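A short write-up of the structure that comes next.
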Amino acid sequence: MIDREKRRLHRDWLPLSINVEVRVDPDVVWTEDTPIKDVSPLGVGFQLNRPIVRGQLILMTLAMLRSLRRYDLDVLDYKVWGIVRRCIEIRKLKGDPDYAIGVAFIGQKPPPEYFKDPARIFEIFPYLPHGDEFWSVVTEESATNVTGTNNERRRYSRILLPEELIIELIGEGGEVLATESTVTENIGRGGAALFSALDADVGSFIRVTAKRVNFASISLIKDKRLGADGINRFHIEFIDRPFLFDGME
């Protein structure tokens with residue numbers, strides 16, 4: 001029997017489109033319609049013709065499956081606010097580049113600070129969604145003043161577990177530059193520390209796959225270090241979905 005939580009957070013690939021509304025300032029807004037690449041109750045992926053700053057809030061409208069919605073189950077168009085978590089340039093052979101966008105859903109309304117400055121940058125709040133919650137956000141300034149953020153994140157979300165992973169290093173054009181099979185040193189809902197021999201810099205993007213629990217996520221390398229055993233570690237953040245398995249809080 002499929003675990004209920006895994007079913008609820010299953011990411012679907014749908015041939016649907018999404019309308020993206022980006023407000024530059026109180027008087028200037030641009031929109032774009034584009035196909036959906038993947039979607040879950042907590043986020044969505046798509047491509048745009050122009051980039052969006054990581055941390056900016058945007059409004060999205062899509063014909064989302066009822067099983068993935070948190071509200072407005074009986075209306076045609078699901079309107080949901082989100083925070084941009086990734087924007088990767090995809091180089092094309094001809095013409096201007098496209099941009100791969102990953103957005104985390106934050107709910108029906110943006111925070112009050114958005115209306116004063118729509119271009120303001122926000123950060124995901126350190127605590128991850130539970131139950132039917134969305135991701136929470138705070139202003140960038142507030143995020144830097146949250147005391148104990150790293151300790152709290154680790155205490156609530158990391159456990160020592162050698163989870164087998166396949167990691168793929170993603171280039172600027174979205175291509176796979178290198179692939180490696182490895183294991184984690186620790187792992188949690190929001191990220192992991194893993195052993196790796198890949199030549200990758202902090203700020204690089206990798207695709208992480210854990211076949212045992214049917215998990216895949218675009219992830220950001222936030223730090224790397226050489227352990228006392230002489231083996232490199234990457235510290236990564238799962239960008240577009242949390243890692244969940246039986247027994248994890």
Fill in the blank from the handout: Rounded to one decimal in nm, the spacing of the 7 Å Cα→Cβ label points at Ala197 and Phe115 is 5.7
Practice task
Could you work out how far apart the two model spin labels at Thr179 and Asn49 are, taking each label as a point 7 Å from the Cα in the direction of the beta carbon, and quote it in nm?
Solution key: 3.4
Practice task
Please give the FRET efficiency for Asp25 paired with Ile90, using the beta carbon to beta carbon distance and R0 = 22 Å, rounded to the nearest 0.05.
Solution key: 0.20
Problem - Rh by Kirkwood over Cα pairs, then Stokes-Einstein D for the range 158-238 at 0.692 mPa s and 37 °C, µm²/s - result: 263
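Would you mind getting me the FRET efficiency between Asp72 and Ala228? Use the beta-carbon distance for r and R0 = 45 Å, nearest 0.05. Intermediate results must be reported in sequence, preceding the final value.
Details: r = 53 Å, r/R0 = 1.17.
The calculated FRET efficiency here is 0.30.
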Handout entry: Residues whose placed amide H lies under 5 Å from that of Gly190, excluding near-sequence neighbours
Key = Phe243
Exercise for the section: Place a +1 charge on the Cβ of each Lys and Arg in the range 187-228 and a -1 charge on the Cβ of each Asp and Glu, then give the dipole magnitude about the Cα centre in debye, rounded to the nearest 20. Expected result: 240
Exercise for the section: Using amide H atoms built 1.01 Å from N in the peptide plane, name the residues 5+ places from Glu185, or on other chains, whose amide H lies under 5 Å from its own. Expected result: Ala193, Leu194, Phe195
Handout entry: Net charge over other residues, Cβ less than 12 angstrom from the Cβ of Asn19 (K, R count +1; D, E count -1)
Key = -3
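Throughout, read-outs are computed from the coordinates displayed, never taken from laboratory work. Bear in mind the structure is a predicted one, so any value in this text is a computation, not a measurement. Reconstructed Cβ throughout: ideal geometry from the backbone, glycine too, with neighbour counts over all protein chains shown.
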